[in-house]
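Everything on this sheet refers to the single structure shown next.
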Amino acid sequence: MSATDTDQVSRVREFYELLVQGRGDDVAAFVEANFTDGAVLRRPESLPGGGVLGGATRIAKMMRAAAAGVSGLNLRSVHYSQSADGVHVFADVTLELAGNETTALEWWTFTGSRVSSLQAYYWDTAAILASVAR
């Protein structure tokens, strides 16, 4: 693992630590400092607020709100891979939603030292929708 990869993995870990602590303003500041202006966040379209969200400022605003609603978030593991288009960091997380646990894989793409893409893949979107409906 190179020093750059170590820094990128450390930043992903820092993000989840801020999120777990519910520090919305710090999460938003993290996004604005570490995401490119053209960064894209992709979440399953079937979820409330799902789909594609572009721009560090818009992503920061959404993440600030998300920090207040996170419950039972646990970062299980972090893995990285280098490719021709940058460094990819994969975060395996669990979430608790209305008493039900679900898992997600969140795929971070770094271009240089900044995040250009974050894609979230949830194991059970139906469970997430059910928890929102309660």
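Just give me the residues in the stretch 35-52 being out of contact with any helix residue (DSSP H, G or I) (no Cβ under 6 Å at 6 or more places or on another chain), farther than 17 Å from Leu95 by Cα and not in a loop (DSSP other than H, G, I, E, B), in sequence order.
Correct list: Thr36, Gly38, Val40, Arg42, Gly51, Val52.
Looking at the stretch 30-69, which of its residues are at pLDDT below 90, of a type outside the set (S, T, N, Q) and out of contact with any Lys or Arg (no Cβ under 8 Å at 6 or more places or on another chain)?
Arg43, Pro44, Glu45, Leu47, Pro48, Ala65, Ala66, Ala68, Gly69
Could you please find all residues in the stretch 70-103 being under 13 Å from the mean Cα position of the chain (by Cα) and modelled with pLDDT under 90?
Val70, Leu73, Leu95, Thr103
Does Val27 satisfy the criteria of being at pLDDT 95 or above, in contact with a Lys or Arg (Cβ under 7 Å, 6 or more places away or on another chain) and either in a helix (DSSP H, G or I) or farther than 20 Å from Ser116 by Cβ (or both)?
yes
Please give the number of the condition Trp108 fails out of (1) more than 19 Å from Ser10 (Cα to Cα); (2) touching a residue at least 24 places away in the same chain (Cβ under 8 Å).
Looking at each condition in turn, Trp108 falls short on (1).
Look at Ala67 and say whether it is touching a Leu at 6+ places or on another chain (Cβ under 6 Å) and either touching a residue at least 24 places away in the same chain (Cβ under 8 Å) or basic (Lys, Arg) (or both). Before the answer, list the steps.
Values: touching a Leu at 6+ places or on another chain (Cβ under 6 Å): yes; either touching a residue at least 24 places away in the same chain (Cβ under 8 Å) or basic (Lys, Arg) (or both): yes.
Against the criterion (touching a Leu at 6+ places or on another chain (Cβ under 6 Å) and either touching a residue at least 24 places away in the same chain (Cβ under 8 Å) or basic (Lys, Arg) (or both)), Ala67 qualifies.
Which condition does Phe110 not pass, out of (1) of a type outside the set (Val, Ile, Thr); (2) surrounded by 17 or more Cβ atoms within 10 Å (Cβ to Cβ); (3) at pLDDT 95 or above; (4) under 22 Å from Gln21 (Cα atoms), if it passes all the others?
(4)
For the stretch 119-126, state whether one or more residues are modelled with pLDDT under 90, hydrophobic (A, V, I, L, M, F, W, C) and assigned to a strand (DSSP E or B).
No: zero hits.
Select from the stretch 30-52 the residues that are exposed (fewer than 15 other Cβ atoms within 10 Å of the Cβ) and of a type outside the set (Asp, Glu) and list them in ascending order.
Correct list: Ala33, Gly38, Ser46, Leu47, Pro48, Gly49, Gly51, Val52.
Confirm whether Arg134 is at pLDDT below 90 and more than 18 Å from Asp7 (Cα to Cα).
When the stated conditions are applied, Arg134 passes them.
The values are calculated or read from the model by the stated rules, or taken from the named source; none is laboratory data. Keep in mind it's a predicted model, so treat the numbers as computed, not measured. Note that we place each Cβ from the backbone using ideal geometry, even for glycine, and neighbour counts take in every protein chain shown.
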